[in-house]
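Student: First the structure, then my questions, so here it is.
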Amino acid sequence: MGDALDRSARTGPDDPPTPDGVSTLDELCARLRDLRVWAGSPSFTRIVQDIAAIRAARGLPAAERRPGRVTIYECFRPGRRRIDVELLIDIVAALGVDEADQTRWRRAHRAASSPGWAETGQTWPETQARTVAALLAALGDGGTHGVVNLVGPVGAGKSTALAALPGDATRVDLAAGIPDGALDAALADPRGYVVVDNADSPAALAAVCSALGRRGRTRVVVASRRPLSGWPHTPGTLLPHIAVVPALPWEDREADELAARTGVTRAEHRAVVVAMAGGIPLLVDRLCRAVHLGTRTDAPGALADLAVTEVLDRLGREAPAPSVLSALALLASSGQTDHELFPSADFAALAELSLVYAAEEGLDVHEPYRTLLDHVHRWRRPLGHRRSVARALVHHREVLAGSTDLVQRARRTEQSLWLTGDPTIRDALFPTRNEPIAVRASTDADTDEVMRLLHRWARRGELDVRSSERVLSPMVADIPDGFRIATDPNGEILGAITALPLASRTHHLVEPLLEDHAPDVANAGGVFVGMSIARDNRSQAALLRDVLLRGISSGQVVVATQWPAYQRLVRRLGFTYLGATQGDVFRCGRQVQVHTLRLAPADLAPWVDRLTDRGIPVGDLGELAWLTDQLGRAYKHWHTPSLLAESPLLSHPSTPTVRHLRAALSTAAQRLATDPDPTRAAAGQALLDIYLSRRTALRHYLGTQPPAPGATLLRQALTAVAQTFWPAEQRS
C-alpha cells in the first residue's frame, strides 16, 4: 500500500502506539499524531492516497474513495468536537494498524466521543437526558424490540444522544457513505448491541433495512430523520420489532443556557435566538454564531441565513438534485401546498424530504424550519418571495370561496393567516416549536383543573381572584363543555380557553363581561372567549387556532379581554371593536374591551382579503386575470385618491404610492394609445377617453356600438396594460 506502510521506513518500537485509556477527543488526536510519527511521518497527501487504495480494495465506488487532504489534517488537530469513526479507522489502517488493533481505536473513539460535560463545567440538558433514558429503556425491553429507532429532524442532537449510550457497542456512521460490509460486520459482532448513526439518505435506509433483514433480531439502535417504520421499503416482517424514540426538542431554558455558553451575553439577543430555534440545538448554535458575526437580531432573514445554509447542506444527503432544495424555500413561503400549486415533479420530490410532511391541505414544512426558510427566502429574494406568497394567497382564496366543507374553510383560512407574514399574527398563532398539541372539549372531570387554571390566570394578570371567580365560575359550573382544553400527547392539560356558545341560555353567563353589548351579540350565534390561559406559547396558539375554527363553524367569535396583548391581536385580525365595559370587572385597573368578528361563509374571503391586501404585495405577475381586474378598478378610481389608496397594486415596489400608481396608469394608457396596431391603439384611446380624460362616459361608449364588442375592447385594453404594467426588471 505504499511507503507509509513500509516497515523499514518506521522509527521507534515495533508495536504501534495504542489509544487505550483516552477519554477526550484531544487525547485521541494526540495518540493519532504519535501513530503518524511511528509510521514515519508520511505526508497528509500520502495518507489520502493510501486511504483511497484501502477503500478501492473494499470495493467502494471511485467517487467515495478519496477523502479531502484538509479533512485528514483536521483529524490530527486538537480542538475537534467530532471525528467520524470510519474515517478514523481508515486513517489508522493507512498508518499500519492491523485489523485486530483497529478494534481498540473504535473503542477509544467511543470513549472520547462521549460528552465530557463535567470536564467543561457544563450540565447535561434534562431533555437530552430524557432522550437517552428512553433509548436505554427501549434497549432493555427484554428483546421485544430488536430495533430502537431514534428519530429527529436535522440538528436535533441525535448523534450526541447516541454518543452518551454506555456499554460496549459496535458503531457505524453513515454520514459519509456506506462502508462496504460495515453493516453486516457490525451486526455479526457478538457484543452488546449495534449503533447506526445518520441513516438519512435513501441509500442508507435501504442498506440498513437490507442488513437487518439478513441478520434477524440483532439489537440495534438506528438514528434517522424519519422513522424506519414509515419508509415504504422497510420489510413488513421488521415493523413489529421497531421501537421509535423521538429526539425531544430542548426546552427554552436549556436553549437559553446553550446560547449563553456560546458567549451571547445580552439577554435580548438570546431571547431572539431561542424564539427562532424552536428547541433545535444546531439552530441555536448557528444563530448564535450569526450574532457573533455582528448580524442584527431585528433582521430575521439575515440572522437565519447561516442556520438555513447549514440545514440545506445536511439535507443534501437526502436530495441529490439542487432544484429540490430550491423548491423547499418556495414551499415554506407558501404554507400548506397542494398539487395544483407545484409541478408534479417538485411535489413528489419534496414529499420525500424529512423536513416535509403531509398536512391536511397539502405538503408543509416542519417548524421551526418553515419560519427560518421563509425569513431567508424573503431576505434573499424579496420579489420572488412576494410572488410565491401572492400565488398561494390567490389559490387558497379560490379554494376557500368554493368550499362547502367547514373544516376545509377553517384550514384554508388558517393558511391565509400564515401568509400575511404579520409578526403579531405569527407569534400568536404559529409558534416555531414543533410539538404535538391536542385540543378537546372540557368535561365535568376537568372542573377542578379549569378552576386551578382560572386562579393562575387571575394571578398572572394581577387580577382580583375573587372577582375572577365571581365572573367565570358560573361558566365552569353551568356549561361543563364550555371550555377548550389543550393537552400534550400524554393527556396532560396544558391550558384552557372559554368557548361558550352564544345563545339565549348563556346570556346570563356572558352579560358581566359584555354589559350593554350583550343584547347585540348574545343571540347572534357564535363563540364567546373571555379567558385564555396556557403553559406556553405553543399550547396558547393551539387554543387560539381552535377558537377560530369554532368561529368559522358557528359564524362569529366574540372576545372580551382586558389583556393589552390580546387586544392588539384581535385588532390586527380585523375584529370590530364594540366598546369597553363601564366598570373594572376584574379590579385590575383595566376595562374589558369587547370585539367581534363575523366568520359566516360569505364573510371569510372578504376578511382574508382585508388582512392581506394591505401590507402584503398580492399582485402576482403570473396571475394575469387577477391583475387585469385590479387595473380595471384602479382606472375606475383614478380620479378618487381615497379609493385608489385601497388598491393592492400599491404593495408593488414600482407603485408604492397613489401618485406613483396614477402616473403608471396614465403612462400605460398613453403608450397603448400610440401603438402601431390600430386595434391596440383604439383600446388605449378608450382607456384615456373613459377613465382619465372622461371625455366619454362608459355607458355612452358602450351605447354607441353593440355592448359586447365595447366590453371586449376594454377588456383587451386592460389585458394589454397588465402584460407590460410593471417594469420587466421587477419580474425576476
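Student: For the stretch 377-429, please list each of the helices (runs of 4 or more DSSP H) lying entirely inside it that holds at least 1 residues being in contact with a strand residue (DSSP E or B) (Cβ under 8 Å, 6 or more places away or on another chain).
Tutor: 382-402
Student: Which residue out of R505, R545 is under 26 Å from the mean Cα position of the chain (by Cα) and either at positive phi or part of a helix (DSSP H, G or I) (or both)?
Tutor: Exactly one of R505, R545 is under 26 Å from the mean Cα position of the chain (by Cα) and either at positive phi or part of a helix (DSSP H, G or I) (or both), namely R545.
Student: Before we move on, is A299 under 24 Å from A137 (Cα atoms) and touching a residue at least 40 places away in the same chain (Cβ under 8 Å)?
Tutor: Answer is no for this residue.
Student: Another one. Quick check on the stretch 433-456: of everything there that is at pLDDT 85 or above and closer than 20 Å to R411 by Cβ, which residue is farthest from the chain's Cα centre (by Cα)?
Tutor: In this case the residue turns out to be A441.
Student: Additional query: Does the stretch 466-486 contain any residue that is β-branched (V, I, T), in a strand (DSSP E or B) and either more than 30 Å from D374 (Cβ to Cβ) or touching a residue at least 12 places away in the same chain (Cβ under 8 Å) (or both)?
Tutor: Within the stretch 466-486, one or more residues are β-branched (V, I, T), in a strand (DSSP E or B) and either more than 30 Å from D374 (Cβ to Cβ) or touching a residue at least 12 places away in the same chain (Cβ under 8 Å) (or both).
Student: Which ones in the stretch 436-454 are out of contact with any Phe, Trp or Tyr (no Cβ under 7 Å at 6 or more places or on another chain) and either outside any helix (DSSP H, G or I) or over 18 Å from D478 (Cα atoms) (or both)?
Tutor: Selection gives P436, I437, A438, V439, R440, A441, T443.
So that you can scan it fast, the table gives a plain yes or no per residue for (1) among the aromatic types (F, W, Y); (2) surrounded by 15 or more Cβ atoms within 10 Å (Cβ to Cβ):
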| residue | (1), (2) |
| --- | --- |
| D444 | no, no |
| V450 | no, yes |
| W457 | yes, yes |
| E462 | no, no |
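Student: For the stretch 381-421, enumerate the residues that are closer than 25 Å to G279 by Cα and not hydroxyl-bearing (S, T, Y).
Tutor: The answer is E414, Q415, L417, W418, L419, G421.
Student: Further, regarding this structure: Testing L60 on (1) in a loop (DSSP other than H, G, I, E, B); (2) closer than 17 Å to V22 by Cβ; (3) of a type in the set (A, V, I, L, M), one condition comes back false. Which one is that?
Tutor: The number of the failed condition is (2).
Student: Next up: Condition check: in contact (Cβ under 8 Å) with a residue 60 or more places away in the chain, on the phi > 0 side of the Ramachandran plot and not in a helix (DSSP H, G or I). Does G294 satisfy that?
Tutor: The answer is no for G294.
Student: Something else now. If A524 satisfies every condition in (1) within 24 Å of L578 (Cα to Cα); (2) touching a residue at least 40 places away in the same chain (Cβ under 8 Å) but one, which is the exception?
Tutor: All conditions pass for A524, except number (2).
Student: Next question. Would you mind listing the helices (runs of 4 or more DSSP H) fully within the stretch 156-257 where at least 3 residues are under 29 Å from the mean Cα position of the chain (by Cα)?
Tutor: 158-163, 202-215
Student: Let me ask something else about it. Return the total of residues in the stretch 236-252 being without any contact (Cβ under 8 Å) to a residue 24 or more places away in the chain and hydrophobic (A, V, I, L, M, F, W, C).
Tutor: The total comes to 1.
Student: Can you tell me how many residues in the stretch 336-370 are among the hydroxyl-bearing types (S, T, Y) and within 18 Å of R397 (Cβ to Cβ)?
Tutor: Adding up the residues that qualify gives 1.
Student: Right, another one. Scan the stretch 661-683 for residues that are at pLDDT below 85 and under 27 Å from G421 (Cβ atoms) and report the count.
Tutor: Matching residues across the stretch 661-683 total 0.
Student: Right, here's the next one. Of the conditions (1) surrounded by fewer than 21 Cβ atoms within 10 Å (Cβ to Cβ); (2) at pLDDT 80 or above, A634 fails just one. Which one is it?
Tutor: (1)
Student: Please pick out the residue among L303, L325, L315 that is in the same structural domain as D364 (by TED's automatic domain parsing), of a type outside the set (D, E) and farther than 25 Å from S201 by Cβ.
Tutor: L303
Residues checked against (1) of a type in the set (K, R); (2) farther than 20 Å from L135 by Cα; (3) at pLDDT 80 or above; (4) out of contact with any helix residue (DSSP H, G or I) (no Cβ under 9 Å at 6 or more places or on another chain):
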position: P153; (1), (2), (3), (4): no, no, yes, no
position: K158; (1), (2), (3), (4): yes, no, yes, no
position: A175; (1), (2), (3), (4): no, yes, yes, no
position: P179; (1), (2), (3), (4): no, yes, no, no
position: V194; (1), (2), (3), (4): no, no, yes, no
position: S210; (1), (2), (3), (4): no, yes, yes, no
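Student: Are any of the residues in the stretch 371-382 farther than 22 Å from L282 by Cα and of a type in the set (A, V, I, L, M)?
Tutor: No, that holds for no residue.
The values are calculated or read from the model by the stated rules, or taken from the named source; none is laboratory data. Treat the numbers as computed from the prediction; the structure is a model and nothing was measured. Using ideal geometry, Cβ is built from the backbone for each residue, glycine included, and neighbour counts are taken over all protein chains shown.
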